[in-house]
Structure formats: structure tokens, C-alpha cells
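Visitor: For reference, the structure I am asking about is given below.
The values are calculated or read from the model by the stated rules, or taken from the named source; none is laboratory data. All values derive from a computational prediction rather than experimental measurement. With ideal geometry, Cβ positions are generated from the backbone for all residues, glycine too; neighbour counts draw on all protein chains shown.
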Amino acid sequence: MKLVTWNVNSLNVRLERLLAWLAANVPDVMCLQETKLEDAKFPVAALEAAGYASHFTGQKTYNGVAILARHGLTVTDVATGIDGFVDEQKRVIAATVDGIRVISAYVPNGQSVDSDKYRYKLSWCEAVANHLENALAQHPALAIAGDFNVAPDDRDVHDPALWAGQVLCSAPERAAFQAFLARGLADSFRLFEQPPNIYSWWDYRQLAFPKGRGLRIDHILLSPPLAARCVASTIDRNARKGEKPSDHAPAIVELRDA
DNA sequence: ATGGCAATGTTTCATTGA
């Protein structure tokens with residue numbers, strides 16, 4: 001099974017790119033973030049024609065997440081939101097796809113470490129960590145994929161000194177990420193030897209992408225049974241090239257059959 | 001082997017993202 005996560009930064013703007021990427025890569029499951037679409041405007045028909053069933057929860061302008069499942073896969077138990085955490089923002093959707101519990105998540109950005117948005121981000125992450133504990137008890141084969149808005153350590157940052165203590169890299173955010181791993185999940189990317197300077201996001205400004213000034217903030221975390229089946233975890237930086245790219249690149253895992 | 005912010009709505013600027 002090939003499982004992918006991609007923050008598309010507006011599905012309306014990025015639909016053609018998404019369709020091209022799906023055709024070229026044929027993932028089984030595609031998790032999306034920042035669709036920025038109300039549910040009535042989700043491009044169900046275009047994705048259906050491309051061979052994918054869509055499950056989504058969205059809102060105007062901000063946030064919005066989805067799980068696309070390739071035709072032929074069995075999807076059950078679609079659920080949105082976080083257990084025990086009231087949230088107006090549409091940031092979480094889950095579905096069981098061929099026996100694997102898949103969660104597509106869009107962690108709040110946090111804006112700056114002294115902001116209300118940052119405090120919301122930390123409480124949101126704590127709620128998700130608790131949610132994961134329940135979800136893992138119910139679904140031993142679980143993957144949470146998405147834009148975590150955290151660079152887990154300095155290997156994930158092009159210029160650690162520049163970013164030290166800043167939002168996306170601060171110690172409390174990194175601790176929140178470790179709290180996910182403490183529930184028994186593995187950062188799939190670090191299951192393998194990786195080349196240096198691999199990132200998943202580059203600022204649109206100041207030539208960040210051609211200069212290689214990025215962060216690895218999009219992740220796929222795997223429960224032990226899935227980590228044992230994981231044979232690759234990569235990021236497709238080619239998707240950041242060309243006309244009107246998302247500022248994020250897709251993260252990809254391949255799982256061998258159980 | 002890429003391109004100097006982008007997307008959205010509140011639209012001719014403000015807000016948010018990361």
C-alpha cells in the first residue's frame with residue numbers, strides 16, 4: 001500500500017496538479033490538508049473520474065482535510081474531529097482503509113510562540129495525543145499523516161540557528177511531537193537512512209526552494225505493525241517545482257502486504 | 001534546475017500561513 005500526505009494549500013487552485021500527481025504516482029490513500037473548501041464545493045466528481053473516492057471535512061478559506069481512497073479499497077468508519085476536544089476548525093478526518101486506520105491531520109501553525117494561536121496549537125496537540133491513545137487501542141494498524149507544523153529536530157531544519165526557538169521548531173512543539181511518538185508511533189522517515197537536507201516545506205518568498213531553505217514538517221507516523229511493514233518513506237520535492245506549486249511537497253510511505 | 005509570496009475574502013487591503 002502506498003500512503004501519501006500532501007498539504008495542497010487550496011484544493012481549488014491545486015486540483016489539476018493533484019490529478020496529475022495521482023495519475024503519475026497512483027497512491028492507494030492520499031491524505032490532504034488545507035483544502036480550504038466547504039464540503040459542497042469538494043471536487044468529488046473529478047476525483048471519482050480519476051479513480052478515487054473522497055472523504056472530507058472542510059470550511060471556507062482556512063483548514064480543511066480529506067482522505068482519498070483508490071477505487072477498489074474498502075473504506076469504513078469515517079470520523080472527523082478529536083475525541084473530547086471541541087474545535088470549530090476542520091483539521092482532522094479518519095477512515096479505515098482496507099483494515100488500516102488512517103488519520104489525516106492538519107496541526108495548527110501557531111503563528112509565533114507568544115501568540116494565542118501558539119497556545120491553541122499546544123492544547124490541540126495534547127488533545128490529539130490523548131485521542132491517539134484511544135484510537136491505537138481500537139486500531140493496532142494505524143497511520144497518522146499530515147502537516148504537523150513541527151520540525152522534529154535540527155536535521156529537519158535548513159538553518160537550525162536561524163530557527164532556534166521559533167514557531168515550528170520551539171522546544172514545547174518538539175515535545176508535543178515526541179508525545180505522539182511516546183504513544184508508540186514511529187516517524188516513518190527516520191526508519192531509514194536518509195540523505196541530508198530533505199524537507200517538505202519551503203517558503204514562497206526569497207527563493208527558499210531553489211536555495212534549499214526548507215523544513216520537514218509533513219510527516220507520516222506509523223503504529224508498530226505498520227512500521228514493521230514499511231519499506232520506504234520519502235518526500236517528492238519535484239512536486240514543489242513548476243507553475244503554481246503548493247509550498248508543501250507530498251510525503252510518501254510504502255507498506256508491504258501484511 | 002529554480003525563480004524573487006500565495007490564497008482568500010473582508011477585495012484595491014487585511015489576514016493567515018510557516
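Visitor: Which ones in the stretch A:176-198 are closer than 20 Å to A:Cys230 by Cβ, within 16 Å of DNA strand B (Cβ to nearest atom) and assigned to a loop (DSSP other than H, G, I, E, B)?
Guide: Selection gives A:Pro195, A:Ile198.
Visitor: Mind checking which residues of the stretch A:212-249 are of a type in the set (A, V, I, L, M), crowded, with 16+ Cβ neighbours inside 10 Å and assigned to a loop (DSSP other than H, G, I, E, B)?
Guide: Answer for the stretch A:212-249, where residues must be of a type in the set (A, V, I, L, M), crowded, with 16+ Cβ neighbours inside 10 Å and assigned to a loop (DSSP other than H, G, I, E, B): A:Ile217, A:Ala249.
Visitor: May I pose another question? Exactly one condition in (1) in a loop (DSSP other than H, G, I, E, B); (2) surrounded by 15 or more Cβ atoms within 10 Å (Cβ to Cβ); (3) more than 16 Å from DNA strand B (Cβ to nearest atom) is false for A:Ile252; which is it?
Guide: (1)
Visitor: Return yes or no: is A:Ser170 more than 20 Å from A:Val102 (Cβ to Cβ), crowded, with 18+ Cβ neighbours inside 10 Å, within 14 Å of DNA strand B (Cβ to nearest atom) and more than 17 Å from the chain's Cα centre (by Cα)?
Guide: Working: more than 20 Å from A:Val102 (Cβ to Cβ): yes; crowded, with 18+ Cβ neighbours inside 10 Å: yes; within 14 Å of DNA strand B (Cβ to nearest atom): yes; more than 17 Å from the chain's Cα centre (by Cα): yes.
Answer is yes for this residue.
Visitor: With the condition kept exactly as written, say whether any residue in the stretch A:72-88 is among the aromatic types (Phe, Trp, Tyr), in contact with a Lys or Arg (Cβ under 9 Å, 6 or more places away or on another chain) and at pLDDT 95 or above.
Guide: No, the stretch A:72-88 contains no residue that is among the aromatic types (Phe, Trp, Tyr), in contact with a Lys or Arg (Cβ under 9 Å, 6 or more places away or on another chain) and at pLDDT 95 or above.
Visitor: Tell me, yes or no, whether the stretch A:160-167 has at least one residue that is crowded, with 21+ Cβ neighbours inside 10 Å, modelled with pLDDT of 95 or more, of a type outside the set (Ser, Thr, Tyr) and in a helix (DSSP H, G or I).
Guide: no
Visitor: May I ask you to list the residues in the stretch A:121-145 that are assigned to a helix (DSSP H, G or I), surrounded by fewer than 22 Cβ atoms within 10 Å (Cβ to Cβ), away from DNA strand B (no atom under 16 Å from the Cβ) and in contact (Cβ under 8 Å) with a residue 40 or more places away in the chain?
Guide: Those that are assigned to a helix (DSSP H, G or I), surrounded by fewer than 22 Cβ atoms within 10 Å (Cβ to Cβ), away from DNA strand B (no atom under 16 Å from the Cβ) and in contact (Cβ under 8 Å) with a residue 40 or more places away in the chain: A:Glu126, A:Ala127, A:Ala129, A:Asn130, A:His131, A:Glu133, A:Asn134, A:Ala135, A:Leu136.
Visitor: Name every residue in the stretch A:81-120 that is more than 16 Å from DNA strand B (Cβ to nearest atom), surrounded by fewer than 17 Cβ atoms within 10 Å (Cβ to Cβ) and either hydrophobic (A, V, I, L, M, F, W, C) or within 16 Å of the chain's Cα centre (by Cα) (or both), in order of residue number.
Guide: Scanning the stretch A:81-120 gives A:Phe85, A:Val86.
Visitor: Let me ask something additional. In the stretch A:37-70, what residues are in a loop (DSSP other than H, G, I, E, B) and either touching a helix residue (DSSP H, G or I) at 6+ places or on another chain (Cβ under 8 Å) or of a type in the set (Lys, Arg) (or both)?
Guide: Listed by number, the residues that qualify are A:Leu37, A:Phe42, A:Pro43, A:Ala50, A:Gly51, A:Gly58, A:Lys60, A:Gly64.
Visitor: If a residue has to be surrounded by 14 or more Cβ atoms within 10 Å (Cβ to Cβ), aliphatic (A, V, I, L, M) and over 16 Å from the mean Cα position of the chain (by Cα) to count, how many in the stretch A:173-187 make the cut?
Guide: Qualifying residue count, the stretch A:173-187: 1.
Visitor: Got at least one residue in the stretch A:199-209 being within 15 Å of DNA strand B (Cβ to nearest atom), in contact (Cβ under 8 Å) with a residue 60 or more places away in the chain and either hydrophobic (A, V, I, L, M, F, W, C) or buried (at least 16 other Cβ atoms within 10 Å of the Cβ) (or both)?
Guide: Within the stretch A:199-209, one or more residues are within 15 Å of DNA strand B (Cβ to nearest atom), in contact (Cβ under 8 Å) with a residue 60 or more places away in the chain and either hydrophobic (A, V, I, L, M, F, W, C) or buried (at least 16 other Cβ atoms within 10 Å of the Cβ) (or both).
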